[in-house]
Ligand SMILES: *Cc1c(COP(=O)(O)O)cnc(C)c1O
C-alpha cells in the first residue's frame, strides 16, 4: 500500500532487516497473534504439529527450541512447556485422569502435588491414594482396575527416600498403568527415566535448568507420540503457554547446567560429609549416604546427586533450638526452591507431613549453592554453636 499515513506506516512498516544474521542465542519471538499467509494456511493449521505456528499459546520458534533441548537432556522425544513445575504436574493429571479414575502418589511427593491430588479427589471424584515410596514391586497390590496413573518422585525432595523405579514401572506396565516421574531433583542429568520404564517425566525448569532463581517454568517430557498428544490437548485446554522472555532465560542457563550440577554435587557431598561427623546430626538423608533409605537403588540407577539433601537433628534438640540454628545461618538463606547459585535452608515438620515417619528429630533441608565450600561449612559451624 502506497502513501500510508505516518500512523499506519509505523504499524505496517516496509523496512526489512537484512537477511543472513547469525548469532548463538536463540531469537526471542514475542507473539500472541501469529500471521497466516492466506486463508488456506489458517484453515489447515494443525496446532499439535510442531512444524507450523497457529497462536502464541501453542508455540513459537523460541519455545519449540527450548522444548527440543529439554527433551534431549533425558533421552525423550517430545516436550511441552508450562508456566511452572506445578502447572506441568497439573497438565499430566488433567491429560490422563478423569472422574472415576484412581491415582497413586508416593507419601513423600512434592507437597503441592499432594494438595492437587487431594483436590482431584474432593472436587473431581478421582481417588488419590498414597503409597510408601519404598514399596517397589509391592505397588502391584495397590493397583485397582480404575488406577490410571502412578506418580513417582526420585527421590522425594524433602525426606529423600529413593524409589525403585524399575520395580514400580514393571508392575505398572504389567497392568497397563502409566508412570509419571517428578525428575526435578536430578535435572534429567543424573537419572535416565525412560530407560527405567517411566512413561512421562516432569521437570521444574525453575531449578537447575534456569539456574538463576529468577524464573518459573515446568516441562513434561515423553517418548510416546500418543501420550504426547494427550498432554498437548491438556496443555491447550488449560492454556499453559509460557512467555518468550522466560523461555530465553531458561535457555541461557542450559549450556552450563551440567557443569553447575556437578559443582553443586561435589560441594553438597563435602558439606554433607562434614555434617555427618557432627554429634548434633543423627541421620544424613542424602542418597549418596548409607543412612538414606533407597541408597542402594540410588547407586544402581543414578550417576549423581546435585545440591539438595536433608538431615535429621538428634532428638535431644527441640524445634526451638533447630529453628535457632536455621535463623543463625548467614550464607544459607531461608527459602523454598533451589537450583540457583545461592545456598538455601528450610526446616520441615516432617512428622506431620509423612504417615508413619519412624524418626524423631527435626528435619532440615539444605541446598548447597555455588559459594566456596569452606565458607559454607564455617557458616554451618557458627550456627550449630547457637543450638
Ligand atoms: C520446585 C518443584 C516443583 C514445582 O516447580 P515450580 O516451578 O516451583 O512450580 C515440582 N516438583 C519438585 C520436586 C520441585 O522441587
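The values are calculated or read from the model by the stated rules, or taken from the named source; none is laboratory data. It should be emphasised that the depicted structure is a prediction, and the values quoted were computed from it without experimental measurement. Neighbour counts are summed over all protein chains in view; Cβ atoms, including those assigned to glycine, are modelled from backbone coordinates with ideal geometry.
For the stretch 103-113, the criterion of being surrounded by fewer than 20 Cβ atoms within 10 Å (Cβ to Cβ), out of contact with any strand residue (DSSP E or B) (no Cβ under 8 Å at 6 or more places or on another chain) and not in a helix (DSSP H, G or I) is met by none of the residues.
Among the residues making up the stretch 211-235, those that are away from the ligand (no atom under 16 Å from the Cβ) and surrounded by 18 or more Cβ atoms within 10 Å (Cβ to Cβ) are 222, 223, 227, 228, 230, 231, 232, 234.
Figure legend. Inter-residue proximity from the stretch 12-38: first residues touching a residue at least 40 places away in the same chain (Cβ under 8 Å) and on the phi < 0 side of the Ramachandran plot, second residues surrounded by 10 or more Cβ atoms within 10 Å (Cβ to Cβ) and part of a loop (DSSP other than H, G, I, E, B), beta-carbon distance below 7 Å, spacing 6+ or different chains. Indicated pairs: 29/60; 31/60.
Yes/no per residue for (1) touching a strand residue (DSSP E or B) at 6+ places or on another chain (Cβ under 9 Å); (2) farther than 21 Å from residue 183 by Cα; (3) outside the structural domain of residue 166 (by TED's automatic domain parsing); (4) at pLDDT 95 or above:
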{"site": "261", "(1), (2), (3), (4)": "no, no, yes, yes"}
{"site": "274", "(1), (2), (3), (4)": "no, yes, yes, yes"}
{"site": "329", "(1), (2), (3), (4)": "yes, yes, yes, yes"}
{"site": "340", "(1), (2), (3), (4)": "yes, no, yes, yes"}
{"site": "366", "(1), (2), (3), (4)": "yes, no, yes, yes"}
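Scanning the stretch 86-102 for residues that are within 11 Å of the ligand (Cβ to nearest atom) and crowded, with 24+ Cβ neighbours inside 10 Å gives 88, 89.
Taking every residue in the stretch 112-125 that is touching a residue at least 24 places away in the same chain (Cβ under 8 Å) and pairing it with any residue that is assigned to a helix (DSSP H, G or I) and within 13 Å of the ligand (Cβ to nearest atom), at least 6 positions away or on another chain, the pairs with Cβ-Cβ distances below 6 Å are 112/86; 113/89.
Tell me, which strands (runs of 3 or more DSSP E) lie completely within the stretch 264-383 with 2 or more residues that are more than 16 Å from the ligand (Cβ to nearest atom)? In the stretch 264-383, the matching strands (runs of 3 or more DSSP E) lie at 281-285, 308-313. Somewhere in the stretch 262-273, is a residue under 30 Å from residue 149 (Cβ atoms) and in contact (Cβ under 8 Å) with a residue 60 or more places away in the chain? Within the stretch 262-273, not a single residue is under 30 Å from residue 149 (Cβ atoms) and in contact (Cβ under 8 Å) with a residue 60 or more places away in the chain. Picking from residues in the stretch 114-144 that are in a loop (DSSP other than H, G, I, E, B) and within 22 Å of residue 85 (Cα to Cα), the one that is nearest to the ligand (Cβ to nearest atom) is 133.
Counting only residues that are part of a strand (DSSP E or B) and within 13 Å of the ligand (Cβ to nearest atom), how many does the stretch 152-191 have?
Residues that pass the stated criteria total 5.
Applying the set (1) within 16 Å of the ligand (Cβ to nearest atom); (2) free of Cβ contacts under 8 Å to residues at least 24 places away in the same chain; (3) buried (at least 17 other Cβ atoms within 10 Å of the Cβ) to residue 53 leaves exactly one unmet item: (1).
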